[in-house]
1. Once you charge only the Cβ atoms, +1 for Lys and Arg and -1 for Asp and Glu, what is the size of the charge dipole of the range 60-210 about its Cα centre, to the nearest 20 debye?
2. What FRET efficiency would be calculated for the residue pair residue 354, residue 249, taking the C-beta separation as r and a Förster radius of 35 Å, to the nearest 0.05?
3. Want the number for residue 59 to residue 73: 0.36 nm per residue separation, take away the alpha-carbon distance, what's left?
4. Hey, which lysines would be in cross-link range of residue 2, C-alpha to C-alpha under 20 Å, not counting anything within fewer than 8 residues on its own chain?
5. Along the range 228-241, what does the Karplus equation 6.51 cos²θ - 1.76 cosθ + 1.60 (θ = phi - 60°) give for ³J(HN,Hα), rounded to whole Hz, x for Gly and Pro?
6. Treating cross-link reach as a plain straight distance, find the aspartates and glutamates whose alpha-carbon is under 14 Å from the alpha-carbon of residue 286, omitting any fewer than eight places away in the same chain.
7. At a Förster radius of 60 Å, what calculated FRET efficiency corresponds to the Cβ-Cβ distance of residue 316 and residue 206, to the nearest 0.05?
8. Relative contact order of the range 4-130, please, whole-number percent, based on alpha carbon pairs below 8 angstrom and at least 6 residues apart.
Amino acid sequence: MKPTILIVDDEKLLLSSLERALSGDGYNALTAKNGKDALAFFEKHNPDIVLLDVKLPDIDGMHLLRKIKEIDMHCPVIMMTAYSGIRGAVEAIKLGAYDYIAKPFDIEELKFAIARCLESQRAMVEVNEIRSKKKERFSFEKILTRNTEMKDIIRLAKRIAVNDKSTVLISGESGTGKELFANAIHYNGPRLNDPFITVNCAALSEGILESELFGHEKGAFTGAVKQKKGLFELADKGTLFLDEIGEISHKTQVRLLRFLEERNFQRVGGTENIDVDVRIVTATNKDLLEEVSKGNFREDLYYRLNVISIHLPPLCERKDDIPLLVERLIMNYRITLNKTTQTCNDEVLRILMDYDWPGNIRELRNIIERTVLLSENEIITPSDLPLEIVNHNVSIGTAKIQHLDPMSLDTLIKLYAESMLARSGNNKSQTAGALGITRQRLKRILRS
């Protein structure tokens with residue numbers, strides 16, 4: 001679709017020449033010779049950009065700029081005037097104009113300004129779409145849970161998101177969703193339209209991490225051929241998420257503590273104090289108080305980071321969420337992997353509920369993705385699960401048999417048959433063969 005440009009000027013010759021030049025360049029050009037017509041065309045055609053003369057016969061161009069911004073604050077306006085001057089340009093920019101060009105101007109210069117303006121608008125639209133999708137993706141309502149403790153944590157996180165000044169420390173085992181909560185706190189708070197930057201502190205060495213966080217001046221060290229802004233500067237007005245905060249060196253701890261106390265910093269090799277407005281959210285899978293007692297983490301920094309804390313429980317402590325999570329994951333991977341898998345049977349759910357999940361939700365997600373990918377049926381059965389998951393439950397069954405209280409032989413036979421059935425992935429024919437009995441005999445034992 002051709003971009004629409006509304007040209008507003010009282011000079012008929014200029015209007016016609018601009019209309020001809022821009023139409024020949026692939027734009028849909030509309031013209032208005034006064035402010036009244038311009039407002040009517042603007043409301044009717046919703047142009048992508050406006051070229052607006054400062055002097056009009058019926059209304060001041062600056063006043064018309066205000067009217068346009070009241071209707072659509074995002075529509076870019078380029079002001080045109082024969083009265084060039086810094087004062088007029090500054091006033092126009094303050095009122096929301098994208099650019100300011102003095103007459104007489106070269107048509108190629110104007111075309112370049114229009115192209116640059118439209119490109120900027122397209123980039124802004126893309127950024128807004130990305131932010132809108134992230135806001136939806138990281139909505140607190142998207143966090144699935146039936147667990148009472150998790151519901152309390154979500155309510156706390158919602159309150160934390162609204163108050164965007166305090167630092168937040170999120171703790172919990174790997175795979176429990178710390179980064180998910182960090183994103184949700186950012187995208188449900190007042191900083192959602194500003195940057196959210198994540199850095200994994202464990203993935204970078206001391207020198208590189210310091211340079212990444214605080215930036216460096218040209219010549220600060222070998223290889224620093226030019227000045228570089230750090231993540232604190234890039235995250236200005238937004239949120240900086242420091243994952244694995246327990247891994248940072250003592251030197252970096254000192255610099256981070258200074259920033260939290262002063263709210264400014266110096267680039268590596270620099271002397272200028274740089275002020276930024278950044279919310280700090282951190283996460284760790286370590287017990288930071290224990291690290292403090294060992295001398296690995298500064299106590300004063302710990303209390304600076306731990307203004308508000310959230311502890312996410314491991315999946316083994318919220319097993320009531322497993323059915324809900326499994327259902328959602330199967331649905332998601334069925335779509336992304338283009339499979340026909342619909343659900344899992346009760347035996348699969350029992351096996352998943354009995355498993356300890358040392359890798360937490362991340363491990364559950366990986367297991368469901370693998371299972372949906374490899375399953376050839378609409379219903380997932382135990383034979384579709386990885387052996388380590390099934391064998392874990394078999395070992396539990398074996399342990400039960402080894403520590404049985406006195407019982408009848410028939411009961412012992414039934415327990416052993418159930419253990420063998422679990423080992424075979426609920427395959428009755430395979431179980432009967434392993435026991436040296438018929439399927440009918442196995443069914444009778446299981447029913448007894």
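A short reminder: the numbers here are calculations on the coordinates, not readings from a lab. These numbers come from a predicted model, not from an experiment. Positions of Cβ are generated from backbone atoms using ideal geometry, with glycine treated the same way; all protein chains shown enter the neighbour counts.
1. About 620 debye.
2. FRET efficiency, residue 354 to residue 249: 0.25.
3. In short, 3.1 nm is gained.
4. 44, 111
5. Here the 3J(HN,Hα) series is 9, 6, x, 5, 4, 5, 5, 8, 3, 6, x, 10, 10, 9 Hz.
6. Straight-distance partners of residue 286: 173, 243, 244, 247.
7. 0.95
8. On the way: 179 pairs, mean separation 25.7, N = 127.
It rounds to 20 percent for the range 4-130.
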